[in-house]
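Before any comments, here is the structure.
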């Protein structure tokens, strides 16, 4: 797990060199940071860390922020990355970015506007966002990768109240943990620590997709074929299905169909031929006349 506490070293220098990022790129990268720098940053000099800045930005432009890529030698790169991790986790809890694994976050194209709106509205009236379309009881025994699973794997309990809904979530997490142990997806050591299978979220997602796809094949009269990572998929986009693992697009050919992760960009292609490449739990859609990649 990444450490989030700041060490007693030189402060991180965010976008420390002119030219490391500019224009729209600078705005998007800056949106990863807290709206106001802490006093200890403003009062001390920053080391130049353009290598880290440019390396991180390369990944952000691809729609993924990788803390591993940013951990380059020189300067206080650990503090630099930890500052981003804290900010990314705040944006993740707000539903703006998505955590892929311990070191990577998926960054939306409209990060700048959404992060600004989030910062502006934190002290205004409370808002409601959907954490999962599946209720807690159904998540406990689900075959898919649920909201409870993400909290279990990342050890997220500090924000849960001891009573009310927080208590219900804690109890559901305990039951979900036992479910994984019974299914062989987790083990408990002698000191009561629980270890989850590597890449558990991806395994659960694939398991659910295969099960649902097989059931759909009976009603459609078409064979289901699961898409693999790195594979190119094509066919007619005929609809969507909501699973515990998320929302999936149905892509049909004359002789088979598949289910792939849905993205908002594909909605306007309903009923049309689409093409995309499955990459790390998402799809890079090739839409339009020039078939440009759309994440």
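Here the mean projected area of the convex hull built on the C-alpha positions of the stretch 132-254 is 9.3 nm².
In a solvent-free Debye calculation with one equal scatterer on each Cα, what is log10 I(q)/I(0) for the stretch 136-196 at q = 0.12, 0.14, 0.28 Å⁻¹, listed in the order of the q values? Log10 of I(q)/I(0), two decimals: -0.27, -0.37, -1.28. Quick note on the stretch 201-294: its Rg to Rh ratio, both from C-alpha atoms and Rh being the Kirkwood radius, is 0.93.
Bear in mind that the values in this text are calculations on the coordinates, not laboratory data. Please read all numbers here as calculations on a predicted model, not as lab measurements.
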